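S.K.: I have a structure here, written as structure tokens, and I will follow up with some questions on it.
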Amino acid sequence: MSLKTKTIWLDGEMVPWEDAKVHVLTHALHYGTGYFEGIRCYALADGRSGVFRLGEHVRRFSDSGRILGFPLPFAQEQIERAIVDVIRVNGLKECYIRPLAFLGLGEMGLYAPTNPVHVIIAAWSWGAYLGEEGIKHGIRAKVSSYTRHHVNVMMTKSKVSGNYVNSVLAKTEVKKAGYDEAIMLDTEGYVAEASGENIFIIRERRVKTTPLTSILPGITRDSIVTLARDKGYEVVEERFTRDELYTADEAFFTGTAAEVTPIREVDDRKIGSVCPGPVTSDLQQTFFAVIKGKERAYARWLTYV
Ligand code: PPE
């Protein structure tokens, strides 16, 4: 993956990629006081490019800042326009977009209410997050020994940079043990989400995903819940246990980066008899048609560049 492009948006200006730098005493570098988004822009079937659910992503970006108490210094429309501009000026047909807001240079120490909030928007080409093979044939997941955040320890509905140290620990642990992705349990031992994805299981064609209590409210998760219900599947948002995951007929992850990735194995146990199973395949195909602009009923989810 190359992160190099021509231009990055920084506090309202387009700056050359090489010049988008910060000082080493930047608050967020020391304390994780940033919040970010991950958005995808797709090359559509008709030759145009479309950003998937731009409004919802920017709304969550703004919510993240509100939750943390250092709100975005730009309006929703300004950020949306800047994202489209970054894609255009860099000549990207298809890309991953990373908006980040962070506390900058000023006071050191935990209480830094007057430090400036900076905002950047970068974009780069990013293929299948868990590999093309993973999208096609499923990946091997392992339950991490690290527990997901408690709702009163971290603000789980805010995509806070500091929250991700928990994800990095879990992901690194399972990758070093030879697996592809880490599943994390909540503080009561129920399945929560993966290091950077939400999780779904299917049994007897009934689709189940974890409730929003301690997880990131995934926009891909919401898209899959909507698509599945529209297709007539029964979908429930209920807590489930690790053994229920082991005995599911099918399981998959959702995320902007991971899109819809089937889970082939959990903790060395094969999930179901085929991977991807029929429901996962159906939802995955529908999702890919939607993001490519091939489903007119969901054209509202695309912002044309
Ligand atoms: N949970 C977590 C913890 C998470 O980070 C993500 C996105 C999701 C669920 C799915 O949310 P959504 O993208 O809205 O469907 N993870 C982002 C970061 C990945 C990274 O490695 O960086 C992403 O997919 O963009």
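The values are calculated or read from the model by the stated rules, or taken from the named source; none is laboratory data. These numbers come from a predicted model, not from an experiment. Heads up, the Cβs are rebuilt from the backbone with ideal geometry, glycines too, and the neighbour counts pull from every protein chain shown. Heads up: the accessible areas ignore ligands, DNA and RNA and are worked out on the full protein's heavy atoms, side chains in. Shrake-Rupley method; radii C 1.70, N 1.55, O 1.52, S 1.80 Å.
S.K.: If every alpha-carbon in the range 135-259 counts as one equal scatterer, what log10 I(q)/I(0) does Debye give at q = 0.12, 0.17 1/Å?
M.R.: Relative scattering, expressed as log10 I(q)/I(0), comes to -0.41, -0.85.
S.K.: Sketch the reach of a paramagnetic label on GLU237 as a point 7 Å from Cα along Cα-to-Cβ, and name the residues of the range 129-166 whose backbone nitrogen lies under 17 Å away.
M.R.: Flagged as within label range: 151, 156-159.
S.K.: So, one more: Expected output is a single nm value to one decimal: the length gained when fully extending between ASP222 and SER125, i.e. 0.36 nm times separation in residues minus the C-alpha distance. What is it?
M.R.: 32.5 nm is the gain from fully extending ASP222 to SER125.
S.K.: At 0.36 nm per residue, and after removing the present C-alpha to C-alpha distance, how many nm does the segment from GLU107 to GLU133 gain when stretched out fully?
M.R.: Fully extending the segment from GLU107 to GLU133 adds 4.6 nm.
S.K.: Here's a follow-up. With label points built 7 Å along Cα→Cβ from the Cα atoms of LEU169 and TYR246, find their separation and express it in nm.
M.R.: With each label placed 7 Å out from Cα toward Cβ, I get 2.5 nm.
S.K.: Can you pull a Stokes-Einstein diffusion coefficient for the range 249-294 at 20 °C (1.002 mPa s), Rh from Kirkwood over Cα pairs, as a whole number of µm²/s?
M.R.: 192
S.K.: Under the √(5λ) rule applied to the eigenvalues of the Cα gyration tensor, what semi-axes describe the equivalent ellipsoid of the range 199-269? Give them in Å, descending.
M.R.: Working: eigenvalues 63, 41, 31 Å².
Semi-axes, largest first: 18, 14, 13 Å.
S.K.: While we're here: To the nearest 0.05, how large is the calculated FRET efficiency for LYS6 and ALA289 if R₀ is 35 Å and r is the Cβ-Cβ distance? Don't skip to the end; give the middle numbers.
M.R.: Values: r = 32 Å, r/R0 = 0.90.
About 0.65, to the nearest 0.05.
S.K.: For the range 13-109, state the semi-axes of the equivalent ellipsoid (square roots of 5 times the eigenvalues of the alpha-carbon gyration tensor), sorted largest first and rounded to whole angstrom.
M.R.: One finds semi-axes of 27, 16, 10 Å for the range 13-109.
S.K.: Once neighbouring chains are kept in place and the probe is 1.4 Å, which whole percent of the accessible area of the range 167-232 is contributed by carbon and sulfur? List each step's numbers first, then the result.
M.R.: Working: 1270 of 2570 Å².
Here carbon and sulfur together make up 49 percent of the probe-accessible area.
S.K.: Which Cα, out of THR210, ALA194, LEU227, lies furthest along the positive dipole direction of the range 180-248 (beta carbon charges, K/R +1, D/E -1)?
M.R.: LEU227
S.K.: Express the accessible area of the range 177-299 per residue in Å², computed with a 1.4 Å probe while the remaining protein chains stay in the model.
M.R.: 39
S.K.: Output the direction-averaged projected area (hull surface divided by four) of the convex hull of the alpha-carbon atoms of the range 48-174, in nm².
M.R.: Projected over every direction and averaged, the Cα hull of the range 48-174 covers 10.3 nm².
S.K.: Which three lengths, in whole Å and largest first, does the chain cover when its Cα atoms are put on their principal axes?
M.R.: Ordered largest first, the chain gives principal extents of 55, 47, 31 Å.
S.K.: Taking the Cα centroid of the range 240-255 and of the range 136-213, what is the distance between the two, rounded to the nearest whole Å?
M.R.: Each part reduced to its Cα centre gives a spacing of 11 Å.
S.K.: In the full protein assembly as shown, how much of LEU103 is accessible to a 1.4 Å probe, in Å² to the nearest 10?
M.R.: For LEU103, the solvent-accessible surface is approximately 10 Å².
S.K.: To continue, here is another question. With equal scatterers on the alpha carbons only and no solvent term, can you work out the Debye log10 of I(q)/I(0) for the range 58-110 at 0.14, 0.29 1/Å?
M.R.: Calculated log10 I(q)/I(0) at the listed q: -0.47, -1.17.
S.K.: Separate question: Taking R0 as 22 Å, what's the FRET efficiency between ASP230 and GLU56 from their Cβ-Cβ distance, rounded to 0.05?
M.R.: On the way: r = 17 Å, r/R0 = 0.77.
Approximately 0.85, to the nearest 0.05.
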